[in-house]
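Below you'll find the structure, written out as structure tokens, and then a few comments.
The values are calculated or read from the model by the stated rules, or taken from the named source; none is laboratory data. Remember, predicted model here, so these are calculated numbers, not experimental data. Quick reminder, even Gly has a Cβ in these numbers, built from the backbone with ideal geometry, and neighbours come from all protein chains shown.
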Amino acid sequence: MLLAVVAVAVPAQATEPRNVLVLGRISDDPQTHYEQLKPLLDYVVARMGDVGITEGRVLMARDIPQMQSYLRRGRVDWVTETASGATLLEARAGAVPLLLTERYGVSRYHTVYFARRDSGIGSIEDLRGRSIVFQNRQSTSAYFVPAAELLARGMHLEILLSPRDEPEPGSIGYLFARSELNLSSWVHKRLVDAGALSNLDWDSDRHVPASFKRDFVVFRETRPFPRALEVVRGDLDARVAARLREVLIEASADPAARDALRSFFRTTAFLPIDAATRAELDVLRAGALRVVAEVE
């Protein structure tokens, strides 16, 4: 019988039994994410009996440090994460990238920087002494990538107490809007000077309404980078990791997996990590580590 249970901030056990596959997710909404994760976990577990897996569980973490702890202690076997989050788990907890995750048919995206047309901002350099809004601390496209790029250009980032707060001269003040619509609204209302989000959100009328967009100008777009990854703990049984990889790759061609993939954040395929993707991940990892060290 397949069983999946939500566990959030529970007392640690040494490790899970070897017949249990534990899928982890960093979440601020455990119940919603549990419902998204469980169907695919059940699909996978049903196809891993040949390597001794007969049961599946879901374990949520509130943030990256907690998930790092779970991985180090063998509490989690497989984690689905944004690319930047995955590379931090790789660097700090020995996680191993398993597959690139394609969602809505898209495996890569990029960051768009934008401001009001009347802001006087035409380049990243114009952000000195101004403010920028990011989405949240877990976002690759709307936090880690733009923050890392600003740091790489020698700029100092300081968190603001509120949109009315002002950065020190020469610095860039930043805030988190939590949602994409809030992010674009704050820029449109002149609460902040600029925003950064993914090109997918930029193209969405729900996140950037047309009535806002006509008043905006895009002043920079980054190169594409991986959208999401599946990673496993570094000491996971090699047979289990190999079978998990095989099942996930084959899932996109299996009609029986269709609903489970749709629930799994609208995943359309799991793709092998080639040399080009590995190079992109190396850049993301270096940038994310710098942001954690110098900004947070």
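Brief remarks on what is shown
- Test: Ala196 is assigned to a helix (DSSP H, G or I), of a type in the set (Gly, Ala, Ser) and either more than 16 Å from Leu23 (Cα to Cα) or in contact (Cβ under 8 Å) with a residue 24 or more places away in the chain (or both): no
- For the residues Ala238, Ala251, Ala228, the requirement of being within 30 Å of Ser69 (Cα to Cα) and free of Cβ contacts under 8 Å to residues at least 60 places away in the same chain singles out Ala238.
- Sole residue being closer than 19 Å to Val218 by Cβ, modelled with pLDDT of 95 or more and under 20 Å from the mean Cα position of the chain (by Cα), chosen from Ser185, Ser141, Ser131: Ser141
- Residue in the range 251-259 that is assigned by TED's automatic domain parsing to the domain that holds Arg18, surrounded by 15 or more Cβ atoms within 10 Å (Cβ to Cβ), under 18 Å from the mean Cα position of the chain (by Cα) and part of a loop (DSSP other than H, G, I, E, B) present: no
- Condition check for Asp42: closer than 25 Å to Ala256 by Cα, touching a Lys or Arg at 6+ places or on another chain (Cβ under 7 Å) and charged (D, E, K, R): no
- Search result, residues across the range 126-135 that are surrounded by fewer than 18 Cβ atoms within 10 Å (Cβ to Cβ) and either in contact with a Phe, Trp or Tyr (Cβ under 8 Å, 6 or more places away or on another chain) or free of Cβ contacts under 8 Å to residues at least 24 places away in the same chain (or both): Asp126
- Between Ala46, Ala83, the distinction of being touching a residue at least 12 places away in the same chain (Cβ under 8 Å) and surrounded by fewer than 23 Cβ atoms within 10 Å (Cβ to Cβ) belongs to Ala46 only.
- Restricting Arg266, Arg190 to those that are in the same structural domain as Ser141 (by TED's automatic domain parsing), on the phi > 0 side of the Ramachandran plot and among the charged types (D, E, K, R) reduces the list to Arg190.
- Counted residues, the range 136-192 - those being in a loop (DSSP other than H, G, I, E, B) and either buried (at least 22 other Cβ atoms within 10 Å of the Cβ) or hydrophobic (A, V, I, L, M, F, W, C) (or both): 7
- For the range 36-46, the condition holds for at least one residue, the condition being that it is under 21 Å from Asn136 (Cα atoms) and modelled with pLDDT of 95 or more.
- Whichever residue in the range 14-56 is among the aliphatic types (A, V, I, L, M) and in a strand (DSSP E or B) and, among such residues, is nearest to the chain's Cα centre (by Cα): Ile26
- Filter result for Leu248 (within 30 Å of Glu158 (Cβ to Cβ) and not assigned by TED's automatic domain parsing to the domain that holds Val145): no
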